[in-house]
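Enquirer: There's a structure below that I have some questions on.
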Amino acid sequence: MAARLTLQDVNLRFGGITVLHDVGFIVEPGQIFGLVGPNGAGKTSLFNCISGHYRPSSGSITIDGDEILGSVPALLARRGLARTFQHPALQLHSSVLENVLLGAHTRLPGGPLEWAVRTPRTIRSERELRVEARDLLERTGLGWAADLPADELSHGLHKGIELCRALLSRPRLLLLDEPAAGLPHTEVEQLIHTVRAIRDDDITVVIVEHHMGLIAALTDRVVVLDHGRKLMEGTAAEAQSDPRVIEAYIGKDAADDDAA
């Protein structure tokens, strides 16, 4: 069942620097929710707080009402949270299929001893997971690459591998960090189709993305961050026409141009 994610007054500080300031919003079960803003707005830092890679200085983060603030990533994976990263971390000399299977570590029965001995139950589970992993690759257009070494594929396709790996954990809440970065138009269209199918499988999706066409095509609601603060919340169309959002993006672009 898709999860509800609730953030309330989340603050993150590193020394004297405030990265996130009183950020809060609710993502309803089954939504595709966008997190947008200019570079340096705090989007990935917020993802790191939700996924347990950072511990917020204060605030509350809950999944279906259960507090997860301070939980480690491994525990959150067992509670149904999965995420992808801006820069996929793959075993480049292993096959695409083997990389995807790494996402199933929370689903193997037993424990390390049983896995090492390779009991009949472990062997049966591994066989079933391989079939499921190949099916995921087929559904996302990567079936042809299942047995190829990951380093023979482009960076854009690495993102697809990482997405399949996340999905193999059978998440209820999926965080996607810039999944369209570096993808050509045709692969962006495939990504839109894939994310819609993920939502239809009863998974809540939160997506960080600069590709506003993708955000507009996919999301039910968005939150815009700027300098670690929540600037506005609404639909993608409302965000694109909001003067505060336009100013935040134009101001950032102008600063970048001046620095260049």
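The values are calculated or read from the model by the stated rules, or taken from the named source; none is laboratory data. Since the model is a prediction, treat every value here as computed from it, not as a measurement. Here the Cβ is made from the backbone with ideal geometry for all residues, glycine too, and neighbour counts use every protein chain on show.
Enquirer: Taking segment 144-172, which residues are more than 18 Å from Q91 (Cα to Cα) and surrounded by 14 or more Cβ atoms within 10 Å (Cβ to Cβ)?
Expert: Correct list: R170, P171, R172.
Enquirer: Given (1) more than 21 Å from L174 (Cβ to Cβ); (2) assigned by TED's automatic domain parsing to the domain that holds L153, where does R55 come up short, assuming only one miss?
Expert: Just one mismatch for R55, condition (2).
Enquirer: Just the residues that are under 18 Å from the mean Cα position of the chain (by Cα), on the phi < 0 side of the Ramachandran plot and not in a helix (DSSP H, G or I), please, taken from segment 39-70.
Expert: Matches in segment 39-70: N39, A41, S51, H53, Y54, R55, I61, T62, I63, I68, L69.
Enquirer: Need the failing condition index for V100 against (1) surrounded by fewer than 17 Cβ atoms within 10 Å (Cβ to Cβ); (2) touching a Lys or Arg at 6+ places or on another chain (Cβ under 7 Å), just the number.
Expert: Here V100 clears every test but (1).
Enquirer: Kindly indicate whether any position in segment 138-147 is among the charged types (D, E, K, R), touching a residue at least 12 places away in the same chain (Cβ under 8 Å) and not in a helix (DSSP H, G or I).
Expert: Yes, some residue in segment 138-147 is among the charged types (D, E, K, R), touching a residue at least 12 places away in the same chain (Cβ under 8 Å) and not in a helix (DSSP H, G or I).
Enquirer: Continuing with the same structure: If you take the residues of segment 71-85 that are in a strand (DSSP E or B) and aliphatic (A, V, I, L, M), which of them is farthest from the chain's Cα centre (by Cα)?
Expert: Checking each candidate, the answer is L81.
Enquirer: What are the pairs, 6+ residues apart or on separate chains, where a residue within segment 190-209 that is farther than 11 Å from A180 by Cα has its Cβ under 7 Å from a residue that is of a type in the set (S, T, Y) and surrounded by 16 or more Cβ atoms within 10 Å (Cβ to Cβ)?
Expert: T194/T140
Enquirer: Among the residues in segment 199-206, are any basic (K, R) and assigned by TED's automatic domain parsing to the domain that holds Y249?
Expert: Yes: one or more hits.
Enquirer: Right, another one. Residue under question is R170, and the condition is that it be under 13 Å from the mean Cα position of the chain (by Cα) and not in a strand (DSSP E or B); does it hold?
Expert: No; evaluated as a whole, the condition is false for this residue.
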